[in-house]
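What follows is a single structure, written as structure tokens, with notes after it.
The values are calculated or read from the model by the stated rules, or taken from the named source; none is laboratory data. Since the structure is predicted, the reported quantities are computational estimates derived from the model, not experimental observations. Positions of Cβ are generated from backbone atoms using ideal geometry, with glycine treated the same way; all protein chains shown enter the neighbour counts.
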Amino acid sequence: MDKKNKNVPLIRFKGFEEEWEEIRLGDFGDFKSNGVDKTVKEKELPINLLNYMDVYNQRHISVENCNELMQVTATDRQIKENNVVDGDVFFTPSSETPEDIGHVSVIEETLPNTCYSYHLMRYRPKENVFYKIFPKYSFASDYMRKQLVFEAQGVQRFVLSKDSFENLVAKKPSISEQQKIGSFFKELDDLIGAKEEELQKLRQLKSALLDAMFPNGDSENTTGVNRGGKC
């Protein structure tokens, strides 16, 4: 492997040797903003709304939980134009600092009766350009982050225009290598999520034990721990 080649990664799965292709995102998909407002109006239809913070926090949205999104209304036209389908990529196009702009989230299945907020930028790649979860990691790489920060414009609040998004350059390997990379990082994310859930349970247990194992003058048992019992 020629490590000096800017289009070949330093670490790579076995069986892949081709250079990665540099592409302009606007040539391989469509960007669209002008999403749905956070309002409820008569004579409009109720929908689920994907919001800025959902993308910022990389909240996993699926068919099972999309009804837990913010509930607003939209017109028939908005529902058709601002829908959320399998493989859509969403960016946060504004922030208080350049370094905090361009957070990304990828939709892994078509979400029924769901639109996206006007605070977001949707990127819909053409078919067979990306393995669907690959952009979640590729677009969060240092190479892409530097472009996003550089293109951010503003004083008190920074924004990225549609043109800026279209001119972003991504490095694209073959679909099979994308799948290998995407699946690897997803497994890591799943492992991290499981460990974080375990840590949260331990923190809750610690908090309950701190309340129960030190006298505080309150005779009521409010923690659910057996006072006077043994650990």
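Determine, yes or no, whether Asp211 is more than 24 Å from Asn34 (Cα to Cα), assigned to a helix (DSSP H, G or I), within 17 Å of the chain's Cα centre (by Cα) and not hydrophobic (A, V, I, L, M, F, W, C). No; evaluated as a whole, the condition is false for this residue. Within the set Ser33, Ser95, the sole residue that is surrounded by 14 or more Cβ atoms within 10 Å (Cβ to Cβ), of a type in the set (S, T, N, Q), over 19 Å from Glu108 (Cβ atoms) and in contact with a helix residue (DSSP H, G or I) (Cβ under 8 Å, 6 or more places away or on another chain) turns out to be Ser33.
Here's the yes/no breakdown for (1) surrounded by 14 or more Cβ atoms within 10 Å (Cβ to Cβ); (2) on the phi > 0 side of the Ramachandran plot; (3) outside any helix (DSSP H, G or I); (4) not charged (D, E, K, R):
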site: Lys146; (1), (2), (3), (4): no, no, no, no
site: Gln156; (1), (2), (3), (4): no, no, yes, yes
site: Asp163; (1), (2), (3), (4): no, no, no, no
site: Ala170; (1), (2), (3), (4): yes, no, yes, yes
site: Glu177; (1), (2), (3), (4): yes, no, no, no
site: Lys180; (1), (2), (3), (4): yes, no, no, no
site: Ser183; (1), (2), (3), (4): no, no, no, yes
site: Leu188; (1), (2), (3), (4): no, no, no, yes
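Remark: pairs (first residue in region 80-101, in the same structural domain as Ala152 (by TED's automatic domain parsing); second residue in a strand (DSSP E or B) and among the basic types (Lys, Arg); Cβ separation under 6 Å; 6+ apart in sequence or on different chains) = Asp88/Arg122; Asp88/Arg124; Phe90/Arg122. What's the total number of residues in region 126-144 that are in contact with a helix residue (DSSP H, G or I) (Cβ under 7 Å, 6 or more places away or on another chain), surrounded by 12 or more Cβ atoms within 10 Å (Cβ to Cβ) and not in a helix (DSSP H, G or I)? Selection size over region 126-144: 3.
Taken as a whole, the condition of being buried (at least 18 other Cβ atoms within 10 Å of the Cβ), in the same structural domain as Asn34 (by TED's automatic domain parsing) and under 26 Å from Leu148 (Cβ atoms) does not apply to Asn57.
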